[in-house]
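The values are calculated or read from the model by the stated rules, or taken from the named source; none is laboratory data. Nothing here was measured: the structure is a model prediction, and the numbers come from that model. No Cβ is skipped: glycine too gets one built from the backbone with ideal geometry, and neighbour counts run over all protein chains shown. With ligands, DNA and RNA removed, areas are computed over all heavy atoms of the protein, side chains included. Shrake-Rupley method; radii C 1.70, N 1.55, O 1.52, S 1.80 Å.
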Amino acid sequence: MLARGDRLHAEGGGMSPDQMVIDGIGAEMFALIAKIYPICRSVTGDGVRQTLREVAAHIPLAIHDVPTGTPVFDWTIPREWNIRDAWIKDARGEKIVDFKRSNLHVMSYSVPVHRHMSLGELKQHIHTLPGQPDLIPYRTSFYSENWAFCMSHRQFEALRDEAYEVSIDSSLSDGHLTYGEYLHRGETQDEFLLSAHVCHPSLANDNCSGIALLAHLAKRLSGLRTRYSYRFLFAPATIGAITWLARNEGAVQRIKHGLVVSMVGDDGGPTYKKSRRGNALIDRAMVQSLKHSGLSPVIEEFSPYGYDERQYCSPGFNLPVGSFQRSKFGSIPQYHTSADNLDFVTPAALERSCRLIADAIAVVEGNRVFRNTVAKGEPQLGRRGLYGAIGGDKDAAAANMAMLWILNLSDGEHSLLDIAERANLPFAVIRRTAELLETHGLLKPVAGI
Amino acid sequence: MLARGDRLHAEGGGMSPDQMVIDGIGAEMFALIAKIYPICRSVTGDGVRQTLREVAAHIPLAIHDVPTGTPVFDWTIPREWNIRDAWIKDARGEKIVDFKRSNLHVMSYSVPVHRHMSLGELKQHIHTLPGQPDLIPYRTSFYSENWAFCMSHRQFEALRDEAYEVSIDSSLSDGHLTYGEYLHRGETQDEFLLSAHVCHPSLANDNCSGIALLAHLAKRLSGLRTRYSYRFLFAPATIGAITWLARNEGAVQRIKHGLVVSMVGDDGGPTYKKSRRGNALIDRAMVQSLKHSGLSPVIEEFSPYGYDERQYCSPGFNLPVGSFQRSKFGSIPQYHTSADNLDFVTPAALERSCRLIADAIAVVEGNRVFRNTVAKGEPQLGRRGLYGAIGGDKDAAAANMAMLWILNLSDGEHSLLDIAERANLPFAVIRRTAELLETHGLLKPVAGI
Amino acid sequence: MLARGDRLHAEGGGMSPDQMVIDGIGAEMFALIAKIYPICRSVTGDGVRQTLREVAAHIPLAIHDVPTGTPVFDWTIPREWNIRDAWIKDARGEKIVDFKRSNLHVMSYSVPVHRHMSLGELKQHIHTLPGQPDLIPYRTSFYSENWAFCMSHRQFEALRDEAYEVSIDSSLSDGHLTYGEYLHRGETQDEFLLSAHVCHPSLANDNCSGIALLAHLAKRLSGLRTRYSYRFLFAPATIGAITWLARNEGAVQRIKHGLVVSMVGDDGGPTYKKSRRGNALIDRAMVQSLKHSGLSPVIEEFSPYGYDERQYCSPGFNLPVGSFQRSKFGSIPQYHTSADNLDFVTPAALERSCRLIADAIAVVEGNRVFRNTVAKGEPQLGRRGLYGAIGGDKDAAAANMAMLWILNLSDGEHSLLDIAERANLPFAVIRRTAELLETHGLLKPVAGI
């Protein structure tokens, strides 16, 4: 933990994070999703930059372009991929597949092609989902030169045995990998990292939702005075996170808490996957938030498969970064298909997701250690108006439990989060009650924590 | 643990605590309860002193009077409250409520009053239990000057809209807070604290039962030679325990084990709430006792709400003191009502409760660490007549398990309680078997433990 | 763990233990069981020596004879017992019980007798199983001079009230206790002990099966190059193990892993009882083996009742030796009766048991610690052909999990077994995948582990 001397001048005003207004954020997030959903993103290219510009309309985003060929740890920045159009025409010249109708129709990073070919040859370049015959799958080939179309299995089965003309008007050439970041400065240089991947095309939940949540959370947080600095990172999955880590290698140890945010627009879960450390403060804060949410959270131990927590939790960094989703990726039929569209995400679910993260932020911001000033025996709460003056009532107990737990455990060893966990009470109740007790001189903060 | 040099001359005779006779104690306890049940006790006053005199008829009790105004940690000894009579008369002058019929009718610490008033005004001073309309509630107002009557809700609803005359002939004036204690001296100055609250009026289980159990347990224990010294404390709840702690602050670290004893006369539970330490020897000893009782015990982790373990386990003391009850307070309909009367407690339940505590005492008294003198391979038990000489019998195993566990785990690191827990056998079986093995030279006690 | 310098020249060839061929071993084991089943074994005597000679037909077994009267820790080698014949004749001179038909008919260590007697007297010397009236029980009286016959309860109840002639042509005289051992030398002097008891007469599962498993496992292992040396011990139960420990007291600390093997020919369980240490590598290796066996294993904590793990795990040694059985001894009706015959054990079950032990051997042999050479971010697996080049497939994840877990946890702190446990994947999958990653330069072994 920090000594006071580490504190900086914070950017925000006087309000603390637990006073952050979340109401209405769902509608704003949904509006941003609707704007960026049609854009064809990939790990590189104009789609990413166009998306980041939309984010930058809400927060002062710093955009970073890293040239093709730049080594980043074990990887190298690939050539930039851009696509203008793509289609398949049947023997009568009719477009039976059209990129303009859905960018999922083209496998991401498909190399350019314009040829006539038989059905047999064409079929070698078509992906479908036989088990979900009405949906278009999402496919990529970032690191192997290839081209392909994706279509519904129903359409695939109806293809006539005739000649086809296919065209993918794409380019794969030296350029840049692009990511954006925004730093909200808090009282200290210790950072809370919030990271969303920006490389998926028209998939609303995965991950227009994460992009929108981070953009609007950052916007609202920017008005507040925080203890931690908050870094919002919008980067392509895997290589984007690796690139950011490689370019900020010396500074990553500032990250004291972190969340990878994706698939936060559906009403499933909520799902929290712990950091590799397993019992980091962010892990306990998210468990605290989800446990008292009234929902049915799924808490998972760390595993090395998932989103960019894979990179942040690689053994050379082992950062305290967990992963927050609503439905778990891969567990729902919409995942990586054309069914992950604007109908699948709702303002209400987005707002709820944001609130869950805000509650965890309130925990890490508000976690303190106190010492009870009347450690021998209980203090006389009644004399201070803190306790039901009429005793003997069976129900009086519940209301006073937070006070009793805080007084009993505030021995300089237990943090407010420790107490909330032990008392099985929401952190916010414990924190507010601790403030009340501090006001009455019954708690003294332990210096330097 | 103690070195031998710490041992004192013990008061008791040659018998050890596991030889304590419990038979018949239930009837004796019930007789004492019947005597003290009618007394109107409160946190101060003649009722407490009268109760302590009844206890002193059985054990040489030291009575302590602490003057009004004495500071005790965060508290101050309040004025002493005494009451002679109280009633409500209806318009016809008939006593519809009479303190002499039940001292629960008057809220404890009610200030004196004698006035005529309307029903409307009277109702401001009446407590009832709408959910249990036939019962009189128990109410107190120790630290806020007020007066009130308690009655059944059925009576309350039948009150006619007429003028009433109310009288509470009480006094609130400088005096004393009174508590009693008795110390049974054992071989060492290390203490086992047994504490019961003495401040509730006519409530048989809460806590005439605890007072009676401690009185008669002390009486029987006084004839025994014990390793620990046993301190029996009879004090008003909360401020009484705080007062005792404040006046014995330097000596409390002698307390190595402790139990708060209350509500031990019904046949519910048994309930044991662990000390704040959570794994103190008393916690393990009580779990051991209850687990092998044949009853369905409820073992609870420490929480800061309850009886005087709140004070003993306050962070500045953190004593190894747990709480023993049969039904858990507040969990039964009789709690703090006129239904907690002499019909609710039975000699059989009282005797059973005493036995459960005696079993835990036998654990802390008899817990030892031994070293197996034949540590390499098993000793040949058969040669010593310790083992079934005819092998191959499927059932022989069970009878020998205690011996095998003790020999295997007596490596100087495991106590008999450790072994009983691991073997899932009653401590008494393990202790007696260890004595047998010691007799045969197969165990050597580890010095100083 | 060992430094490289401790390594010896191993006996075996180039193949490692995970390449050991198990196929067909069940039939070979069964054949050996069929040969030794009829022999009348006891804790001493010709039966043991004859059995060890059959084992020695397969492996170069060293036979040790320890003279009667030799002290071994708390015990003394008893006189040697041999028996040539025994019978009971009825009044007409017909043999109604004949040792030649089943050696279970005579209580082991019965002293010689030849007398006429009444039914009443005879009954004092007969053991039966009233609850299993068709079976002959197995009974012993090693350390108390006595004689007895065992028969079915049905036969016992049909005995006529007449005169009987009984004869036990046995001898109890100075001789030897005999055990055999075979050491397969590995690269290090650290040993893996495999121990089977050889003192039970015609009981196929208990323990002809264990003898046969160890004999044929040793035979197959002898052709392999191993990291550990493997000691196979064939000794009478209890006193045999104690004798071996007493004669090898200085060397037992070489034992790094061990298994007591008994009752491995039925298709129950499998059952593994942990060593006294509870979390030794052998405990984890056996749990790993059984957990991924597709069977329904029973994992038990250590207890001091059982087979010779009692001696190896006595507190003066506390060796990491667990106990492996199929059905747990005593839990099945055949246990210690004539129903434990050749019909009760099968080649298939024997082979399966051997495979389970072989899998655990592969764990302790193959457990290594690596360090990921690309610790910051993930290595680019696709570039090395190690990863599905077409992304976005929902099912690609599963196949890659072993790689991801190894890379994530190979920080020099986690062994392959740690990783297998955490990933919940079979050790063999983890080990093979680690070898693949090592080949690609992505893992470096941590020196000296």
Given the residues C:Gly175, C:Gly186, which is the only one that is touching a strand residue (DSSP E or B) at 6+ places or on another chain (Cβ under 6 Å), of a type outside the set (A, V, I, L, M, F, W, C) and crowded, with 24+ Cβ neighbours inside 10 Å?
C:Gly186
Among the residues of region A:420-427, is there at least one that is more than 14 Å from every other protein chain (Cβ to nearest Cβ) and among the basic types (Lys, Arg)?
no
Residues that are hydrophobic (A, V, I, L, M, F, W, C) and either open to solvent by less than 30 Å² (accessible area, probe 1.4 Å) or not in a loop (DSSP other than H, G, I, E, B) (or both), drawn from region B:45-76
B:Val48, B:Leu52, B:Val55, B:Ala56, B:Ile59, B:Leu61, B:Ala62, B:Ile63, B:Val66, B:Val72, B:Trp75
Looking at A:Leu213, A:Leu245, A:Leu224 in this structure, which one is hydrophobic (A, V, I, L, M, F, W, C), within 24 Å of A:Leu350 (Cα to Cα) and surrounded by fewer than 24 Cβ atoms within 10 Å (Cβ to Cβ)?
A:Leu224
Of the residues in region A:313-324, those that are within 12 Å of A:Lys274 (Cα to Cα) and either in contact (Cβ under 8 Å) with a residue 60 or more places away in the chain or in a strand (DSSP E or B) (or both) come to A:Leu319, A:Pro320, A:Val321, A:Gly322, A:Ser323, A:Phe324
Some residue of region A:354-365 being modelled with pLDDT of 95 or more and in a loop (DSSP other than H, G, I, E, B)
no
Flagged in region A:366-388 as surrounded by 18 or more Cβ atoms within 10 Å (Cβ to Cβ), more than 9 Å from chain B (Cβ to nearest Cβ) and not in a loop (DSSP other than H, G, I, E, B), in numbering order, are A:Gly366, A:Val369, A:Phe370
Identify all residues within region B:325-337 that are assigned to a strand (DSSP E or B) and within 14 Å of chain A (Cβ to nearest Cβ); write none if there are none.
B:Thr337
Only one residue in C:Glu165, C:Glu191 is within 30 Å of C:Leu319 (Cα to Cα), in contact (Cβ under 8 Å) with a residue 40 or more places away in the chain and acidic (Asp, Glu), so which one is that?
C:Glu191
Residues that are under 24 Å from B:Asn341 (Cβ atoms) and within 12 Å of chain A (Cβ to nearest Cβ): does region B:81-101 have at least one?
no
Tell me, which residue of region B:287-322 that is more than 14 Å from chain A (Cβ to nearest Cβ) and among the hydroxyl-bearing types (Ser, Thr, Tyr) is surrounded by the fewest Cβ atoms within 10 Å (Cβ to Cβ)?
B:Ser296
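Conditions (1) closer than 25 Å to A:Ala196 by Cβ; (2) touching a helix residue (DSSP H, G or I) at 6+ places or on another chain (Cβ under 8 Å), marked per residue:
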position: A:Gln124; (1), (2): no, no
position: A:Cys150; (1), (2): yes, yes
position: A:Arg154; (1), (2): no, no
position: A:Tyr164; (1), (2): no, yes
Does B:Arg41 satisfy the condition of being within 14 Å of B:Val198 (Cβ to Cβ) and not in a loop (DSSP other than H, G, I, E, B)?
no
Read through the list (1) in a strand (DSSP E or B); (2) surrounded by 23 or more Cβ atoms within 10 Å (Cβ to Cβ), then give the number of the only condition that C:Gly240 fails.
(1)
For region C:327-342, state whether one or more residues are modelled with pLDDT of 95 or more, of a type in the set (Asp, Glu) and open to solvent by 20 Å² or more (accessible area, probe 1.4 Å).
no
Looking at region A:249-283, which of its residues are within 30 Å of A:Ala204 (Cβ to Cβ) and part of a loop (DSSP other than H, G, I, E, B)?
A:Ser262, A:Met263, A:Val264, A:Gly265, A:Asp266, A:Asp267, A:Gly268, A:Gly269, A:Pro270, A:Lys274, A:Ser275, A:Arg276
Would you confirm, using the coordinates I've provided, whether A:Arg79 is basic (Lys, Arg) and either open to solvent by less than 30 Å² (accessible area, probe 1.4 Å) or within 21 Å of A:Thr238 (Cα to Cα) (or both)?
yes
Anything in region C:403-418 that is facing another protein chain (nearest Cβ under 10 Å) and either in a helix (DSSP H, G or I) or under 33 Å from the mean Cα position of the chain (by Cα) (or both)? List them, or say none.
C:Met403, C:Leu404, C:Trp405, C:Ile406, C:Leu407, C:Asn408, C:Leu409, C:Glu413, C:His414
Would you say C:Gly180 is open to solvent by 10 Å² or more (accessible area, probe 1.4 Å), of a type in the set (Gly, Ala, Ser) and either touching a residue at least 60 places away in the same chain (Cβ under 8 Å) or farther than 30 Å from C:Thr68 by Cα (or both)?
no
So, C:Ala241, is that one of a type in the set (A, V, I, L, M), within 16 Å of the chain's Cα centre (by Cα) and modelled with pLDDT of 95 or more or not?
yes
Under 6 Å by Cβ, and 6 or more places apart or on different chains, what pairs join a residue from region C:254-283 that is under 21 Å from C:Leu416 (Cα atoms) with one that is open to solvent by 10 Å² or more (accessible area, probe 1.4 Å) and among the charged types (D, E, K, R)?
C:Lys256/C:Asp190; C:Lys274/C:Glu301; C:Asp283/C:Lys274
